[in-house]
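All of the numbers you see were taken from the coordinates with simple rules; none came from a lab. Quick caveat, the model's predicted, so the values are computed rather than measured. Counting neighbours? That spans all protein chains shown, and the Cβs are built from the backbone with ideal geometry, glycine included.
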C-alpha cells in the first residue's frame, strides 16, 4: 500500500504531531510526505518529497486570519498548477493534515483522501462552540480540504471519529516540577505591552516572555524576555507555575497533559482558537479576550489561584493509523 501524508506548515502543531504519526504509517505502508505553506524551521525526521506554496493565509495586525484577503488575494493560477502537478494518482490513500494542494489534487484525480486534523472537529455537532462565530468562515475552512472521510483531534472525545491530542515524545519525556515562574507565549503581543500589565500584578512570581520579535535575551522591568527556543521553552514549560498562551491546539493540549495552569488569550477573530477556548472554558480554564488593563483583576486572580485541567493523554498514534487503514479497506 502506498500512502501520501500531506502536512500544513503554518504554525508548528501539524508538523509536531506528524513526528508521532510518521513512524506508525511507515510500519504499514510505503510512505511519502509533502508539505505546503510558509517556510518553517521545524524539522521532520523524514524529508518531504515536495514542498508547495499552497494557499496563503493573510493575517491582521492582531494575528487573526483575514479571510477576505485570504479568499480574494491568493495566487490561484499557481495553486492550480500545484494541484495538477501533485502526484496523488500514484498513491492508494492521501492522509491530509490541513494541506489543500493534495486534497484538491485527490478530488480531481479520484484518489481517496482522509482528512486528519483538529480543524475537522469544528464542524461536528456535539463539540463545545463559542457563543458567536462566523458560520461563513467555518464553511470556508471545510471547503479548503475536500475529503472522503474526516477525523478530528480534540481535548475530549465529544463525538465519533475524534482522537485525543498527539503529545510528542519531547513533551512526554519532560521531568515535571513547579517553580514560581510564569511563562508567556503570546506572539501577537509586543513584550513592552505585556510588561506594562505584568508590573501591575501581584509580586512574588518570576515572569518570562517568549517573543518572536526578540533576537537575544533581555530584561525589561525585571521581566525576562527570551527569543524563541524550543529547548528552553520546554524546559521552562516543565517547571513553570503556569503559562499564559493563545488558544492554539498544540500548546493548550500540552499544558493539559503536563497539568500546568493556563490563562488563555485567543487570537482575535481566529475561529479555531475561539472553538478551543469554548471547550477549555467548560473545563474551568480561565479565558480572556485581551491581556490588557481591562482584564487586570481577572489576571491577578488567576495568578493568585490558578485552576488546573489535566488529562494524562495516552498515545493513540497507532490506533489512529489502524483506524484509517481499516476504514480505507472498508471503502474498497
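Under the classification rounded if a/c is under 1.5, otherwise prolate if a/b is larger than b/c and oblate if not, where does the range 217-272 fall, given a ≥ b ≥ c as square roots of the Cα gyration tensor eigenvalues?
Oblate.
Assign one of three labels to the range 169-304, namely rounded, prolate or oblate, based on the Cα gyration tensor with a ≥ b ≥ c the square roots of its eigenvalues; rounded applies when a/c is under 1.5, prolate when it is not and a/b is larger than b/c, and oblate otherwise.
Rounded, because the longest to shortest axis ratio a/c is under 1.5.
Taking Cα atoms, how many degrees apart are the long axis of helix 230-239 and the longest axis of the chain, rounded to 10 and kept between 0 and 90?
The helix 230-239 is inclined about 60 degrees to the chain.
Suppose a student asked you for the relative contact order of the chain, using Cα pairs under 8 Å spaced at least 6 residues apart; what percent would you report?
15 percent
Mind pulling up the Rg/Rh value for the range 101-198? Radius of gyration and Kirkwood radius, both on Cα.
A ratio of 1.10.
Can you sort 201, 186 by how many other beta carbons sit within 10 Å, fewest first?
The order, fewest Cβ neighbours first, is 201, 186.
Mind pulling the angle between the C-alpha long axis of helix 317-331 and the longest principal axis of the chain? Nearest 10 degrees, somewhere in 0 to 90.
The two axes meet at around 30 degrees.
In degrees, nearest 10, range 0 to 90: what is the angle between the Cα axis of helix 13-26 and the longest Cα principal axis of the chain?
40 degrees
Over the range 1-57, with a single point scatterer placed on each C-alpha, what log10 of the ratio I(q)/I(0) does the Debye formula yield at q = 0.18, 0.22, 0.23, 0.30 1/Å?
At q = 0.18, 0.22, 0.23, 0.30 Å⁻¹ the computed log10 ratios are -0.57, -0.83, -0.89, -1.35.
Counting DSSP beta bridges in the chain, what percent are antiparallel, to the nearest 5?
Antiparallel: roughly 10 percent of the beta bridges in the chain.
What does the C-alpha gyration tensor say about the overall shape of the range 242-302? Classify as rounded when a/c is under 1.5, otherwise prolate if a/b is larger than b/c, or oblate.
It comes out oblate by the Cα gyration axes.
Kindly provide the pair-distance distribution of the chain built from C-alpha pairs, with 20 Å bins from 0 and whole-percent values in order of increasing distance.
30, 58, 12, 0
Suppose only helical runs count, i.e. DSSP H with n ≥ 4. What mean residue ellipticity at 222 nm does that imply for the chain under -39500 (n - 2.57) per run, divided by all residues and rounded to the nearest 500 deg cm²/dmol?
The helix contribution divided over the chain gives -10500 deg cm²/dmol.
Just to be sure I understand: with springs between alpha-carbon atoms less than 10 Å apart, which residue in 184, 209, 49 has the highest mean-square fluctuation in the Gaussian network model of the chain?
With Cα springs under 10 Å in the chain, the top fluctuation among 184, 209, 49 is at 49.
Which whole-number percent is the relative contact order of the range 169-304 (Cα, under 8 Å, 6+ apart)?
24 percent
Take every Cα pair under 8 Å in the range 143-220 that's 6+ residues apart, average their separations, divide by the length, and report that relative contact order as a whole percent.
Relative contact order, the range 143-220: 24 percent.
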